[in-house]
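Worksheet: the structure to be examined is printed underneath.
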Amino acid sequence: MKKLIAELISAELPELSLEDIEKSIENPPKPELGDFAFPCFRLAKVMHKAPNLIAGELAEKIKSDAIDRIDVAGAYLNFYMNKDFYLKSMIEKISQDNFGASDEGNGKTICIDYSSPNVAKNFHVGHLRTTFIGNSLYKIFDKLGYKVERINHLGDWGTQFGKLIVAYKRWGSEEAVKEKGIEELMRIYVLFHEEADKDPALEDEARAWFNKMENGDEEALKIWRWFLDISLEEFKRIYALLGMEFDHYTGESFYIDKADAVVEDLKKADLLTDSEGAKIVDLSEYDMAPCLILKKDGSTIYATRDLAAVKYRKETFDFFKCLYVTGQEQKLHFKQVFKVVELLGNEWAKDSLVHIPYGLVSLGGEKLSTRGGNVIYAEDILKEAIAKIRSTIDEKNPDLKDKDEVSRIVGVGAVIFNDLYNQRIKDVSFNWSHILSPEGETGPYVEYTYARCSSILRNASDYQFTTDIDYSVLEDQASIDLIKALNEFPNVVKSASETYEPHIVARYAIAVAQAFNKFYHDNKVLVEETDVRNARLMLVSLTRKVIKDAMDLLGIGVVEEM
Ligand code: ARG
């Protein structure tokens with residue numbers, strides 16, 4: 001509204017910039033003095049006229065449907081807005097299907113490399129964080145019109161597989177692996193390390209097996225593929241629980257036949273140096289440790305495969321940006337990789353490659369029911385959240401329809417919401433009583449608010465509803481504040497995308513839920529007067545829609561009843 005008034009004044013006052021005018025518009029101290037005020041003192045000098053004369057002339061010239069009247073009070077112009085007009089204009093915008101969306105990303109592709117768990121290892125809480133953050137960024141950029149490639153860069157290659165093969169051959173059994181999956185693979189992997197402490201020759205044996213893998217040995221690859229399939233099955237079970245998907249499962253192994261080309265590029269660019277038999281890129285000029293490219297035995301490492309991945313993605317997707325969501329402990333790794341890409345003559349690396357780090361999960365003293373040992377499985381956490389919600393439902397609302405699905409959405413949603421509520425880099429603390437609380441800044445609080453909106457609308461189905469509504473009947477501050485909160489959605493999406501911070505959306509969802517609950521506390525919705533009832537129902541329906549969209553950007557579903 002301030003902007004609109006500034007534009008109207010600016011049309012009559014080319015002497016001043018629009019920005020300048022907008023800045024000088026004031027909020028009058030009393031409602032009797034109008035909704036906005038514009039002082040004309042400063043204009044006297046520029047226009048060589050008395051300020052009150054200028055105010056009088058301006059008041060005559062400015063005309064708009066948005067304004068009921070303009071009073072001249074000394075050197076001040078006092079604007080009285082047409083409330084119906086200005087509420088209606090906001091509400092019309094909020095009602096649009098694509099509210100919050102934009103086309104800024106049209107024609108541009110963003111690759112997001114996230115989740116990326118390690119094969120034969122448990123999907124742990126840290127992997128939950130990258131999965132939630134990455135998925136939310138996907139939703140946010142998708143909303144802004146970008147084409148997004150969701151890439152799962154599985155940790156499915158490396159010396160650890162040599163160790164696993166040795167361990168499996170010595171102490172493993174097909175039945176145990178079939179029965180216990182990753183748990184068994186973890187067990188024999190730990191055993192390997194214990195035994196290798198006593199007998200270092202095991203390490204050589206493991207290296208030899210990994211070497212066989214790199215050279216295409218069928219026996220080695222067969223075992224490796226089996227472990228990969230078992231792991232993928234478990235990972236996909238988690239993604240199904242979360243309701244999340246990927247466009248590409250291209251793990252590290254996808255790049256082994258693409259690593260030679262990278263080594264060639266590096267040679268051509270004269271970037272490779274020998275270091276005790278290994279090949280490195282010296283980065284001392286940039287105050288960084290060298291980036292290791294090939295080990296003494298010629299095998300590739302994590303960084304080599306990441307370099308191959310950048311090349312492949314640039315060629316395949318011609319990305320505008322490629323984002324990497326991992327824990328902050330990988331900061332140096334990405335700094336090195338991005339620098340090497342840049343040194344290969346790719347100026348775009350500076351702006352296009354972005355590491356998106358996040359903090360740790362601290363479990364505090366929380367007891368998590370997890371399978372043996374102190375290894376924490378993400379799947380167990382999610383299942384526990386679902387079970388806890390389920391038992392609350394069984395107790396409070398046993399006749400609810402679709403109890404399983406409601407528990408899944410609300411339970412998983414609560415864990416996601418807790419994770420995304422703070423800045424990424426902050427550590428996440430895990431506390432069941434907070435995470436699942438229906439009050440406070442939690443997922444369930446937002447879910448309840450959504451379900452309340454749905455229930456009000458169900459109860460309203462007996463009334464006739466028109467969209468031709470006179471919004472000036474909304475007289476209380478809580479109604480106006482709610483509309484203003486809803487109106488913020490597009491700015492929220494934009495700033496979350498600019499900072500890669502889903503928490504901006506999570507906080508917004510809370511702000512809308514709070515504004516709604518204040519509105520609902522202050523106002524009865526299903527009142528007799530048709531105009532008032534319709535205007536308030538409209539607010540309920542728009543709140544419902546915006547909450548649903550905001551939750552969707554976080555990767556969280558909503559339920560009609562809970
Ligand atoms: N698998 C790695 C981990 O669990 C994350 C991979 C991240 N992506 C990448 N392109 N390096 O820590």
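The values are calculated or read from the model by the stated rules, or taken from the named source; none is laboratory data. Computed from a predicted model, the values in this text were never measured in an experiment. Every residue, glycine as well, gets a Cβ built from its backbone with ideal geometry; the counts of neighbours run over all protein chains shown. These accessible areas exclude ligands, DNA and RNA; they are computed on the full protein's heavy atoms, side chains included. Shrake-Rupley method; radii C 1.70, N 1.55, O 1.52, S 1.80 Å.
The sole residue among K23, K30, K49, K2 that is charged (D, E, K, R) and open to solvent by less than 70 Å² (accessible area, probe 1.4 Å) is K2. Of everything in segment 113-125 that is more than 8 Å from the ligand (Cβ to nearest atom) and crowded, with 20+ Cβ neighbours inside 10 Å, the residue that is nearest to V354 (Cα to Cα) is S115.
Residue-by-condition table, conditions (1) in a helix (DSSP H, G or I); (2) more than 16 Å from the ligand (Cβ to nearest atom); (3) in contact (Cβ under 8 Å) with a residue 40 or more places away in the chain; (4) not β-branched (V, I, T):
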{"position": "I70", "(1), (2), (3), (4)": "no, yes, no, no"}
{"position": "C111", "(1), (2), (3), (4)": "no, no, yes, yes"}
{"position": "L128", "(1), (2), (3), (4)": "yes, no, yes, yes"}
{"position": "L137", "(1), (2), (3), (4)": "yes, no, yes, yes"}
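Does segment 501-515 contain at least one residue that is under 19 Å from the mean Cα position of the chain (by Cα) and over 25 Å from I389 (Cα atoms)? Yes, there is a match, as at least one residue in segment 501-515 is under 19 Å from the mean Cα position of the chain (by Cα) and over 25 Å from I389 (Cα atoms).
Suppose we filter segment 520-536 for residues that are within 37 Å of the chain's Cα centre (by Cα) and among the acidic types (D, E); how many remain? Number of matching residues: 1. Is segment 167-187 home to any residue that is in contact (Cβ under 8 Å) with a residue 60 or more places away in the chain and of a type in the set (F, W, Y)? No, segment 167-187 contains no residue that is in contact (Cβ under 8 Å) with a residue 60 or more places away in the chain and of a type in the set (F, W, Y).
Elements of the type helices (runs of 4 or more DSSP H) sitting completely within segment 279-357 and holding at least 2 residues that are within 14 Å of the ligand (Cβ to nearest atom): these cover 302-317, 331-343.
Tell me, please, whether a residue that is under 30 Å from F132 (Cβ atoms), open to solvent by less than 40 Å² (accessible area, probe 1.4 Å) and aromatic (F, W, Y) can be found in segment 187-202. Taking every residue of segment 187-202 in turn, none turns out to be under 30 Å from F132 (Cβ atoms), open to solvent by less than 40 Å² (accessible area, probe 1.4 Å) and aromatic (F, W, Y).
The residues on offer are W171, W209, and the sole one that is within 20 Å of F254 (Cα to Cα) and hydrophobic (A, V, I, L, M, F, W, C) is W209. If we scan segment 73-89, do we find a residue that is open to solvent by less than 40 Å² (accessible area, probe 1.4 Å), within 36 Å of the chain's Cα centre (by Cα), of a type in the set (A, V, I, L, M, F, W, C) and within 16 Å of the ligand (Cβ to nearest atom)? Among the residues of segment 73-89, not one is open to solvent by less than 40 Å² (accessible area, probe 1.4 Å), within 36 Å of the chain's Cα centre (by Cα), of a type in the set (A, V, I, L, M, F, W, C) and within 16 Å of the ligand (Cβ to nearest atom), which makes the answer no. If you go through segment 125-180 one residue at a time, how many are under 28 Å from L420 (Cα atoms) and of a type outside the set (F, W, Y)? Matching residues across segment 125-180 total 28.
When segment 316-342 is filtered for residues that are among the acidic types (D, E) and without any contact (Cβ under 8 Å) to a residue 40 or more places away in the chain, the ones remaining, listed by number, are E329, E342.
Per-residue answers, yes or no, for (1) over 23 Å from V325 (Cβ atoms); (2) modelled with pLDDT under 95; (3) open to solvent by less than 30 Å² (accessible area, probe 1.4 Å):
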site	(1), (2), (3)
G443	no, no, yes
Q464	yes, yes, no
L474	yes, yes, yes
S495	no, no, no
R507	no, no, no
V512	yes, no, yes
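Close Cβ contacts (under 6 Å, 6 or more residues apart or on different chains) running from residues in segment 256-270 that are at pLDDT 95 or above to residues that are open to solvent by 50 Å² or more (accessible area, probe 1.4 Å) and not in a helix (DSSP H, G or I) comprise D265/L344; A269/L344. Taken over segment 403-427, the criterion of being hydroxyl-bearing (S, T, Y) and either touching a residue at least 60 places away in the same chain (Cβ under 8 Å) or buried (at least 24 other Cβ atoms within 10 Å of the Cβ) (or both) is satisfied by Y421 alone.
Criterion first (open to solvent by 40 Å² or more (accessible area, probe 1.4 Å), in contact with a Pro (Cβ under 9 Å, 6 or more places away or on another chain) and modelled with pLDDT of 95 or more) does Y448 satisfy it? Yes; evaluated as a whole, the condition is true for this residue. Against the test of being at pLDDT below 95 and either crowded, with 19+ Cβ neighbours inside 10 Å or on the phi > 0 side of the Ramachandran plot (or both), the options A378, A309 yield a single qualifying residue, A378.
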